[in-house]
Every structure is written in C-alpha cells, then in structure tokens.
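Presented below is the structure to which this report refers.
Derivation of every value follows stated rules applied to the coordinates shown; laboratory data play no part. The shown structure was predicted, so the numbers you read here are calculated from the model rather than taken from an experiment. Using ideal geometry, Cβ is built from the backbone for each residue, glycine included, and neighbour counts are taken over all protein chains shown.
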Amino acid sequence: MVLAAPEGPISDSEAKNRREIEAAWLNMWHLYETLDKIPPERITSELSRYAYGPALDEYNEIIERAQNQQLKNTGTVRHRIWWEPPVGSSDVALVIDCLDFSKFGWENGAKKTVGKVGPVFDEYEISVFKDQGTWKVSKINISDRKCSF
C-alpha cells in the first residue's frame, strides 16, 4: 500500500481520522478479497464492522452472488491512497484509492476457470461516515479518471 504524504503538516486528530478511515476501507477490501472464506450467515455482520448504508448493501450482494457462483478471488491488489479534502472535524469524508489489479483475479470452482480483473488500474472514490464514533465506508464510486502508480 502506498499512502500519499500530506502537502503540509496535519493535526494529530486529522492523522488519527485518516488512519481509522484507511483501516475501515482496507479491512472492508480484505473481506472482499477473501470472500470465499466468510460463512454465508456471517457476511452482513462481518461487513457491517466496516461498511454502512449503500456500501454495505452493495458488497453484501456482491459477496453473496460470488459465493453462489463459487467464485474465489486470487492474488493481491495494491492501493495508493490520497485525500481530498482533509477530514477536519466532519463526520463525513472522501478518500481516493488507485487500485492496481495487475496481480488480482478470480477462480470459478464450479467451472474450473480462472480470470483476471481488468482494467489494470481503477480509481475508487470512497465516501465514509462516522457512525457512533467509528468510521465506516458508506459509498464507493469507481471514477472515470485514470490513475497509476
């Protein structure tokens, strides 16, 4: 994972918020990467630790559908995370993540097929919300902008 350095000094509270938001996003992404290991009855409870609202509904549906099709993600994704604008004292924030899918793919257990995810780079706009003191991913938008490492 690559984190973009701030353009200038940031406060301790800004740094803490960013760490917590990054952890929520990366933990949620890890659940997606390992979706085949989540027992079906625990999908919602596992995701709800890091996701809220539309993001929870969307990833819940994605994981359930993938499990029903016996899909398994393989490989790893590299993340390059940056911020716009700063979190400040808000309960909502936006973080940008450029994901490198060049070493990421999937296997279909039923059909014994393997595939690669494409395109190689995608820019994700991750909206987060502070829910009772805990940052959670609330919405994910795949941007039309191009990114790279």
Placing +1 on each Lys and Arg Cβ and -1 on each Asp and Glu Cβ in region 2-142, then taking the dipole about the Cα centre, the residue among ALA93, GLN69, GLN132 whose Cα reaches farthest towards the positive end is GLN69
Strictly greater than 19 Å: what percent of every Cα pair in region 14-87 meets that? 40
Once you charge only the Cβ atoms, +1 for Lys and Arg and -1 for Asp and Glu, what is the size of the charge dipole of the chain about its Cα centre, to the nearest 20 debye? 540
Between the helical axis of 12-33 and the dominant principal axis of the chain, each derived from Cα atoms, what acute angle in degrees is found, rounded to the nearest 10? 10
Radius ratio Rg over Rh of the chain, counting only Cα atoms, Kirkwood formula for Rh: 0.99
What distance in nm separates the simple spin-label points at ALA15 and GLU61, each placed 7 Å from Cα in the Cβ direction? 4.1
Report, to the nearest 10°, how far helix 53-68 tilts away from the longest principal axis of the Cα atoms in the chain, using its own Cα long axis and a range of 0 to 90°. 20
Take the Cβ-Cβ distance between GLN69 and ASN141 as r, set R0 to 35 Å, and report the resulting FRET efficiency rounded to the nearest 0.05. 0.90
May I ask you to evaluate 6.51 cos²θ - 1.76 cosθ + 1.60, the Karplus curve with θ = phi - 60°, for each residue of region 43-48 and list the ³J(HN,Hα) values in order in whole Hz, giving x for glycine and proline? 4, 4, 5, 5, 5, 5
LEU94 and GLU41 label points (each 7 Å along its Cα→Cβ direction) are spaced in nm at 4.2
Charge-dipole axis of the chain as Lys and Arg at +1 and Asp and Glu at -1 on Cβ define it, positive-most pick from PRO9, ILE38, ASN141: ILE38
The simple spin-label model distance between GLU33 and SER48, using points 7 Å out along Cα→Cβ, in nm, is 2.6
Nonlocal amide H pairs with ASP131, under 5 Å, H built at 1.01 Å: LYS136
